[in-house]
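The values are calculated or read from the model by the stated rules, or taken from the named source; none is laboratory data. From a predicted model like this one, the values you see are computed outputs, not experimental measurements. Neighbour counts are summed over all protein chains in view; Cβ atoms, including those assigned to glycine, are modelled from backbone coordinates with ideal geometry. The protein model used for the area step is the full one, side chains on, heavy atoms only, and it has no ligands, DNA or RNA in it. Shrake-Rupley method; radii C 1.70, N 1.55, O 1.52, S 1.80 Å.
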Amino acid sequence: MKIKLAKSSGFCMGVRRAVEMALEAVHHRPGPIYSYGPLIHNPQAVELLNSKGLKVIESGRTDLDGINRGTVIIRAHGVPPQERRRLETLGLEVIDATCPRVIRVQAIIKKHTAQGYTPIIWGNPNHPEVVGLLGHADGRGLVIGGPEDVAGLPDLDRVILVAQTTQNQALFEGIVEAVKARWPEALIFNTICGATQRRQDDVRGLARQIEAMVVVGGHNSGNTTRLASIARDEGIRTFHVETDEELNPDQLAGVNTVGVTAGASTPNWMIKQVIRELERIGRKGDTSFRAVAHRFLRFLLLSNLYVALGAGALSLAAIMLQGIPVQIEYVGVAFFYVHAMHMLNLFMDKEASQFNDPDRARFLERHKTVLLGSGILSGLISLSLALVIGLKVFIFLALMSTLGLLYAVPLVPKSWSRWTRLRRLKDIPSSKTLFLSGGWALTLSLVPALAADHRIDQAAVLTALIIFLLVFIRSALGDIIEIQGDRVVGRETIPIIIGEQKTLSWLNAAVGFLTLALVGGWALLLLPSLALVLTACAAYAVFYLVLFRREQIIGSTFFEALIDANFILAGLLSWFWAGLV
Ligand code: SF4
């Protein structure tokens, strides 16, 4: 089964902003922290936020006894100004996470109400956004659910028309016609949000290429339900699911191409989970070569054998770049060291996996003993190989392994949290990507150099830099993909600190530096001509960054494998190059 993900799906700007503000408050402010109404229309995400310490106050609740301290977050839908004042008088600190696009609609209503206009709001009268908008209309706002409601409105002098931001764009013209027919002078404001519009257009476009559509998101989410009804209107079999568990394999039997989209309040990890389940359903009972290859690839990825293979391949390039004769033990050290570190750290830091890669988390849980055992065994093998190579290499690798193992271990007592929130190495901002890239760079370039009693010369430094940049590009891109899960667990990765767009710019710069290091190293006669051949890896990195920007294959096994394939490419190119020279 081919899976096509809609270009725009998942968190919109407003929801993402509200969730980020809430998580920031949960991680860094003294409690209690409340959200005024469920922060987003997604029960699973709300439950998760709740487990992180975000309590929900039912919006509009008249009795707020006992709630008189702490912080309250106003969600993206906004609230009537009276409600906000009430929260402030209770002594709560208010964080206003109202979406800027909703604030704009509130401002339109407020301004025109003051000028004597009556606001007509097209939307659901019970939706919190509409309740909030009405609060800005000085008691004069009127809500319509469709063109048929216009006739029932009282006689009015001057009117304006606005829409709930998540309404169906295709129906807006009908509403305008009905309002204009009664009030030709009416002022019309199309306040349907661009994010909503884009998601709806994408669903229409995608519907032409698929046989069935899976819409992921809360059953209580208006915009998700609308996406499902748009897909149905396009004549496509549509399944609206909240989680992967609601997918029914029987209903999807015989479907060759399925589309996936998600509402503005659906977190990435839930979309990913649904994609993985669809992949599984699509290949169930399929014994074709493709299906078996896909299962095997998935196993290699989940068990970290794939990334270890990449490390082994990349170490081949590192050895040859330094002009050191290849010994299989050096490659073995890289393979087993990376496998051990990735595996053991996953077990020590399981929480992030639950959100970033639920499939991996389940796999780890199911095969805990074997996987943990394989991690320990790999660590022991890498150290034994290092000992066989020489004492210097053993001491170096033992040091690197200790650092790798200490990454997720609390080193500072909890009682010191008053003075520092950095208890583990992984709490250091950006440490995930920088430590990982640094660990690979040092191990892959220095093990052969130390083993061959090679001087730590310019070639060794350049090689370490090249490995660092290659791993950095892969790892920082992974941080962007995993940004929502990392936020939930309070991990400060590069994209969380500087933002996704800036991180992507850094990645482009890293590709530039990588090319410069390879070409410059060769031109200055510090590196062999293999450096020029390896510029193909820089080009490959550009290729997957472009694919990522197009956002068409995130979450799929294929994309994950595609990124790490760059290391295998480096190894293969080095191997061919060695055969040619
Ligand atoms: S759908 Fe648009 S208006 Fe609503 S929260 Fe998202 S970005 Fe803001």
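What whole-number distance in Å separates the alpha-carbon centres of segment 208-250 and segment 23-48? That distance is 27 Å. For segment 466-565, the relative contact order comes to 25 percent (Cα pairs under 8 Å, sequence separation of at least 6). Would you pull out the residues with amide H under 5 Å of LEU161's amide H, same chain only if 5 or more places away, H placed 1.01 Å from N? Amide H neighbours of LEU161: ILE120, LEU187, ILE188, PHE189. Each peptide in 566-572, 498-504 was scored by the mean count of other Cβ atoms within 10 Å over its residues; highest first, the order is 566-572, 498-504.
Counting only protein heavy atoms and using a 1.4 Å probe, the accessible area of ARG366 comes to about 150 Å². With contacts taken as Cα pairs under 8 Å at a separation of at least 6 residues, segment 173-329 carries a relative contact order of 19 percent.
What's the local net charge at LEU411, with K and R +1, D and E -1, over the other residues with C-beta under 11 Å away? If you can, show how the numbers build up before the last one.
Working: positive: ARG423, ARG424, LYS426; negative: ASP427.
Spelling it out: positives minus negatives among the neighbours equals +2.
Just from its helices, what would the mean residue ellipticity at 222 nm be for the chain, if runs of 4 or more DSSP H residues each count -39500 (n - 2.57) and the sum is divided by every residue, rounded to the nearest 500 deg cm²/dmol? Show your work: numbers first, answer last.
On the way: 24 runs with 339 residues, N = 581.
Value at 222 nm, helices only, nearest 500: -19000 deg cm²/dmol.
Starting from the Cα gyration tensor of segment 401-500, take the square roots of the eigenvalues, sort them a ≥ b ≥ c, and report rounded, prolate or oblate (rounded when a/c is under 1.5, otherwise prolate if a/b is larger than b/c, else oblate). Oblate is the answer for segment 401-500, as a/c is 1.5 or above yet b/c matches or exceeds a/b. Each of PRO100, LEU23, GLY217 was placed along the dipole of the chain (beta-carbon charges, centred on the mean Cα), and the one lying farthest toward the positive end is LEU23.
Pairs of alpha-carbon atoms within less than 8 angstrom and 6+ residues apart define the contacts here; what relative contact order does the chain have, in percent? Mind dumping the intermediate values first?
Details: 938 pairs, mean separation 75.6, N = 581.
The value is 13 percent.
Ignoring aspartates and glutamates fewer than eight residues from LYS111 along the same chain, the ones with Cα atoms less than 13 angstrom from its Cα are ASP138.
Once the convex hull of the alpha carbons of the chain is built, what does its volume come to per residue, in cubic angstrom? If you can, show how the numbers build up before the last one.
Numbers: hull volume 105.7 nm³, N = 581.
Residue-normalised Cα hull volume stands at 182 Å³.
Here the gap between LYS502 and ARG366, fully extended at 0.36 nm per residue and compared with their Cα-Cα distance, gives a gain of 45.2 nm. Counting only protein chain heavy atoms and rolling a 1.4 Å probe, the accessible areas of TRP269, TRP122 rank, largest first, as TRP269, TRP122.
When the pairs LYS272/LYS350; LYS426/LYS502; LYS55/LYS110; LYS7/LYS52; LYS272/LYS368 are compared against a 20 Å limit on Cα-Cα distance, LYS426/LYS502; LYS55/LYS110; LYS7/LYS52; LYS272/LYS368 fall above it. Heavy atoms only, probe 1.4 Å: what % of the accessible area of the chain goes to carbon and sulfur, would you let me know? It is 60 percent, rounded to a whole number. Centre-to-centre separation between the Cα atoms of segment 308-329 and those of segment 500-564: 19 Å.
Close amide-amide hydrogen proximity is noted between ILE73 and TYR34, SER35, TYR36, ILE95, each under 5 Å apart and 5 or more residues distant or on a separate chain (H modeled in the peptide plane; Pro and chain starts excluded). Applying the Karplus relation 6.51 cos²θ - 1.76 cosθ + 1.60 with θ = phi - 60° to segment 525-534 yields 3J(HN,Hα) values of 6, 8, 10, x, 5, 4, 4, 5, 4, 6 Hz, where x marks Gly and Pro.
The phi-based Karplus calculation (6.51 cos²θ - 1.76 cosθ + 1.60; θ = phi - 60°) puts the 3J(HN,Hα) values of segment 88-96 at 5, 5, 6, x, 8, 7, 9, 9, 8 Hz, whole numbers, x for Gly and Pro.
Quick one: grab the alpha carbon gyration tensor of segment 1-152, order the square roots of its eigenvalues as a ≥ b ≥ c, and give me rounded if a/c is under 1.5, else prolate or oblate depending on whether a/b is larger than b/c.
Values: a/c = 2.12, a/b = 1.20, b/c = 1.78.
Oblate, because a/c is 1.5 or more while a/b does not exceed b/c.
Couplings 3J(HN,Hα) for segment 200-213, derived from phi with the Karplus relation 6.51 cos²θ - 1.76 cosθ + 1.60 (θ = phi - 60°), are 5, 4, 4, 5, 4, x, 5, 4, 6, 10, 10, 9, 8, 10 Hz, where x marks Gly and Pro.
Compute the Cα gyration tensor for segment 504-574, then decide on rounded, prolate or oblate, letting a ≥ b ≥ c be the square roots of its eigenvalues: rounded whenever a/c is under 1.5, prolate when a/b is larger than b/c in the other cases, and oblate in all that remain.
oblate
Computed with every protein chain present, the accessible area of THR287 is close to 120 Å² [probe 1.4 Å].
Calculated accessible area for the chain comes out at 44 Å² per residue, all protein chains present (probe 1.4 Å; ligands, DNA, RNA ignored). The heavy atoms of MET348 offer some 80 square angstrom of accessible surface to a 1.4 angstrom probe. Once you divide the Cα radius of gyration of segment 133-254 by 2.2 N^0.38 Å, the number left is 1.30.
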